[in-house]
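Written below as structure tokens is the structure these notes are about.
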Amino acid sequence: MPGGAPWPAAGDAPRAENIEVTDAADAPPPVVAVEPIAERAEATAPAPQSEGTAAPAVATGAGLRRGLPRVAGGDPWPASAVAPVAEATAPEPLVEASALPAESVPESSVAAPAPSVQADEPAPAVPAATPAPAPSAVAAPAASVPAAPTPTAAPTPTAAPAESAGPSAPPAAAPAPSAPSQPGPGRYGPLTVRQWVGASVVGVLAIIGAATIVVQLTRWFLGLELMQDFIATYPGETPLPEGAPVGLPAWLGWQHFFNVFLILLIIRSGLQVRTERRPPAYWTPRWSKGGQGRISINLWFHQSLDILWLVNGLVFVVLLFTTGQWMRVVPTSWEVVPNAVSAGLQYLSLDWPLENGWVNYNSLQVLAYFATIFIAAPLAAITGVRMSGLWPKNATTLNRVYPVEWARAVHFPVMLYFVAFIVVHVTLVFLTGALRNLNHMYAARDADDWLGFWIFVASIVVIAAAWIAARPTVLAPIAGLFGKVGR
């Protein structure tokens with residue numbers, strides 16, 4: 001009305017879902033004031049609902065207020081006979097709100113809740129939709145209907161950056177673990193051949209340097225007046241008892257070869273048993289029932305060598321005592337201890353003690369041979385039998401008195417002792433007169449010729465051949481003579 005306030009009031013502005021649609025044939029197309037998208041979203045979009053919460057229902061079409069005519073001189077609009085539209089569906093947002101953080105989702109892109117129709121009213125009929133003409137096609141009274149701004153399309157939200165992704169964004173895939181590095185061509189373990197050679201040279205130089213320091217310190221120590229008197233009192237050897245034999249018999253040379261042959265193969269097979277993961281074959285004794293006593297073929301070889309070594313050792317000890325040779329390797333006086341210390345200091349100073357092994361060993365040799373024959377060898381035998389299949393499994397009292405854990409704790413250190421003894425023994429044999437010592441050990445003669453040396457070389461060839469031949473393809477037929485071999 002002239003002079004009146006603009007209609008409809010701001011609080012009663014009709015929503016898009018309350019606009020009734022008339023047939024285009026009965027009435028001219030209306031001019032609809034379109035609110036800006038942002039303002040319409042603020043007015044119509046409810047507060048965000050948490051997932052799983054039902055949206056509130058909005059009743060439409062009840063108490064519709066009629067207003068100014070759409071054309072001059074016409075009836076008030078909308079007509080009372082036209083049913084309101086049941087609901088207007090808001091456009092579907094282009095980007096799902098859950099995929100963006102809360103602060104980056106525009107309010108206009110959130111879908112408005114669908115209004116509900118009251119149950120006591122019939123569902124309104126919706127006529128076929130016709131394309132709406134442009135707002136500027138029909139002129140409207142300037143005084144009654146304010147000019148509406150031209151609607152613009154809402155900008156398409158862009159994807160949020162990776163660092164602002166919300167809780168629903170999938171976690172980044174973890175990088176695949178890299179494969180373990182394999183040694184490249186020309187590498188042996190972690191080093192190349194050149195690096196191994198360099199490391200070996202550095203190690204040898206370090207050993208020579210350390211040995212030089214030890215020798216110089218020992219010589220300085222022996223040069224003291226106190227140590228000079230000690231060396232004069234204890235020269236490094238003790239006299240033998242009366243009736244001790246002179247020289248070394250031939251059987252001792254053969255025993256020496258058998259001991260070396262067996263002990264080297266025992267050490268090799270023992271290390272194989274200790275480090276093997278999947279045996280190449282198994283051996284089962286003939287008297288076994290139900291596969292009892294089944295062991296790996298390497299363990300069978302190790303235990304077979306142990307039996308031969310024990311037999312050879314028993315023969316050696318019997319001959320040692322029956323021929324009187326035991327007096328050369330068994331201490332008969334407590335003076336052997338200070339004499340052994342004296343001999344050790346002389347070895348460290350490279351001023352060798354007098355060598356007369358054909359008649360008498362020095363005190364350090366006597367203690368070393370005694371420990372090897374009468375301490376280390378029995379310990380190796382006792383602990384080996386405890387861990388073998390020859391030990392009775394059902395002897396409860398015996399197993400409690402002598403548990404297998406003790407045997408395992410002693411057996412390996414004894415093997416290390418034998419390795420150290422062999423290395424030191426061979427080194428001193430070559431450094432203190434190789435030809436004479438080899439004649440004593442292998443040719444049973446006190447001379448400086450080459451006979452003992454060539455016998456020694458022949459024995460090394462035999463040991464090397466046995467070392468190479470000790471493999472499952474060769475051992476299986478031999479083991480098959482005493483049991484059953486299979487996988």
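The values are calculated or read from the model by the stated rules, or taken from the named source; none is laboratory data. Source: prediction; values computed, not measured. Heads up, the Cβs are rebuilt from the backbone with ideal geometry, glycines too, and the neighbour counts pull from every protein chain shown.
Between A407, A479, which is in contact with a strand residue (DSSP E or B) (Cβ under 6 Å, 6 or more places away or on another chain), surrounded by 12 or more Cβ atoms within 10 Å (Cβ to Cβ) and in a helix (DSSP H, G or I)?
Going through A407, A479 in turn, just one is in contact with a strand residue (DSSP E or B) (Cβ under 6 Å, 6 or more places away or on another chain), surrounded by 12 or more Cβ atoms within 10 Å (Cβ to Cβ) and in a helix (DSSP H, G or I): A479.
Working carefully through the options I307, I373, find the one that is touching a residue at least 40 places away in the same chain (Cβ under 8 Å) and among the β-branched types (V, I, T).
Of I307, I373, the one residue that is touching a residue at least 40 places away in the same chain (Cβ under 8 Å) and among the β-branched types (V, I, T) is I373.
Here is a yes/no grid of residues against (1) assigned by TED's automatic domain parsing to the domain that holds H425; (2) touching a helix residue (DSSP H, G or I) at 6+ places or on another chain (Cβ under 8 Å):
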{"position": "V197", "(1), (2)": "no, no"}
{"position": "A211", "(1), (2)": "no, no"}
{"position": "F221", "(1), (2)": "no, yes"}
{"position": "Q228", "(1), (2)": "no, yes"}
{"position": "P245", "(1), (2)": "yes, yes"}
{"position": "G253", "(1), (2)": "yes, yes"}
{"position": "F257", "(1), (2)": "yes, yes"}
{"position": "L262", "(1), (2)": "yes, yes"}
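Look through T233, T218 and report the one residue that is of a type outside the set (D, E), touching a Leu at 6+ places or on another chain (Cβ under 6 Å) and closer than 30 Å to V336 by Cα.
Going through T233, T218 in turn, just one is of a type outside the set (D, E), touching a Leu at 6+ places or on another chain (Cβ under 6 Å) and closer than 30 Å to V336 by Cα: T218.
Looking at W352 and the list (1) at pLDDT 90 or above; (2) farther than 18 Å from I266 by Cα, which single condition is not satisfied?
All conditions are met except number (1).
Residue under question is V401, and the condition is that it be surrounded by 12 or more Cβ atoms within 10 Å (Cβ to Cβ), at pLDDT 90 or above, more than 17 Å from G253 (Cα to Cα) and of a type in the set (V, I, T); does it hold?
Criteria not met by V401.
State whether the residues of segment 422-433 include one that is modelled with pLDDT of 90 or more, more than 25 Å from R278 (Cβ to Cβ) and either charged (D, E, K, R) or not assigned by TED's automatic domain parsing to the domain that holds G344 (or both).
No, that holds for no residue.
Taking N298, is it surrounded by fewer than 19 Cβ atoms within 10 Å (Cβ to Cβ) and either of a type outside the set (S, T, Y) or not assigned by TED's automatic domain parsing to the domain that holds I382 (or both)?
The answer is no for N298.
Taking only pairs six or more apart or across chains, which ones have beta-carbon atoms under 6 Å, a first residue in segment 389-417 that is farther than 22 Å from L264 by Cβ, and a second residue that is not in a helix (DSSP H, G or I)?
From residues that are farther than 22 Å from L264 by Cβ, the pairs are G389/G293.
Which residues, taken from segment 274-294, are exposed (fewer than 14 other Cβ atoms within 10 Å of the Cβ) and free of Cβ contacts under 8 Å to residues at least 40 places away in the same chain?
Matches in segment 274-294: T275, E276, R277, R278, W287, K289, G290, G291, Q292.
Rundown of residues vs (1) part of a helix (DSSP H, G or I); (2) surrounded by 14 or more Cβ atoms within 10 Å (Cβ to Cβ), yes/no style:
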position: G384; (1), (2): yes, yes
position: P392; (1), (2): no, no
position: T397; (1), (2): yes, no
position: H411; (1), (2): yes, yes
position: V414; (1), (2): yes, yes
position: F418; (1), (2): yes, yes
position: F421; (1), (2): yes, yes
position: L438; (1), (2): yes, yes
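Looking only at segment 416-471, which residues are under 50 Å from the mean Cα position of the chain (by Cα) and among the charged types (D, E, K, R)?
Answer for segment 416-471, where residues must be under 50 Å from the mean Cα position of the chain (by Cα) and among the charged types (D, E, K, R): just R471.
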